[in-house]
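Report on the structure given below.
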Amino acid sequence: CDCGFHCLHERCEAQALLCAAEYRKAVLLEVVVLGAYIRFELGMRYARQRVRAATVGPCACRRTATGLADAGWGRPGWQVLEPVCGACAGGRTPLSLADFARRGGEGLRVVASPEAEVESAVTAAELVAEAALLQARLDWFQGQLAKLTGGEHGKG
């Protein structure tokens, strides 16, 4: 979602979420948390937190991001940024990761996930899920075809 973040205790748990479509553009944050918290299905929400490090994912073309550029949407007063590589920034003027970290203040570190790390973390799990989905859809279509043709295509 774009309203906040899920605080998980292990980085590998957060990285696993990046396989899901709704979290693919998420930024992994390393935070220090304080105060009361509420337990949610995917983690905790704390009263106060300080971001120490942010890891941005790859550009939409899957290359390592070199900056952050206007994503083209947001809320009044808030501009949403997305990771971009130099080739995909187009007419947008990207903010370098170092400039973003400087503006974040107090020692914030912002780094880009290497292309190979993201590719291996996302693609294998994603391909397995896609293959299972395609197989389920194919089975359904074969069943429908068998009903229409009297069962001759439903066996195999």
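Couple of notes before you dig in:
- Residues of region 14-34 that turn out to be open to solvent by 60 Å² or more (accessible area, probe 1.4 Å) and either in a strand (DSSP E or B) or basic (Lys, Arg) (or both), as a count: 6
- Test: residue in region 30-51 that is under 17 Å from the mean Cα position of the chain (by Cα) and at pLDDT below 85: yes
- Top-ranked residue in region 57-74 [being small (Gly, Ala, Ser) and in contact with a Leu (Cβ under 8 Å, 6 or more places away or on another chain); ranked as surrounded by the fewest Cβ atoms within 10 Å (Cβ to Cβ)]: Ala71
- Residue count for region 79-94, restricted to those that are crowded, with 16+ Cβ neighbours inside 10 Å and of a type outside the set (Lys, Arg): 8.
- Filter result for Ala65 (on the phi < 0 side of the Ramachandran plot, in contact with a Pro (Cβ under 6 Å, 6 or more places away or on another chain), part of a strand (DSSP E or B) and at pLDDT 90 or above): no
- Taking region 35-46 as the range and being assigned to a strand (DSSP E or B) and open to solvent by 70 Å² or more (accessible area, probe 1.4 Å) as the test, the residues that pass are Ala36, Tyr37, Ile38, Arg39, Phe40.
- If you go through region 46-74 and keep only what is among the hydroxyl-bearing types (Ser, Thr, Tyr) and closer than 16 Å to Val27 by Cα, you end up with Thr55, Thr64, Thr66.
- Within region 96-105, none of the residues are within 21 Å of Leu17 (Cα to Cα), part of a strand (DSSP E or B) and open to solvent by less than 80 Å² (accessible area, probe 1.4 Å).
- For the criterion of being of a type in the set (D, E, K, R), assigned to a helix (DSSP H, G or I), open to solvent by less than 60 Å² (accessible area, probe 1.4 Å) and at pLDDT below 90, Glu126 passes.
The values are calculated or read from the model by the stated rules, or taken from the named source; none is laboratory data. Keep in mind that what you see is a predicted model, and the values were worked out from it rather than measured. Reconstructed Cβ throughout: ideal geometry from the backbone, glycine too, with neighbour counts over all protein chains shown. The protein model used for the area step is the full one, side chains on, heavy atoms only, and it has no ligands, DNA or RNA in it. Shrake-Rupley method; radii C 1.70, N 1.55, O 1.52, S 1.80 Å.
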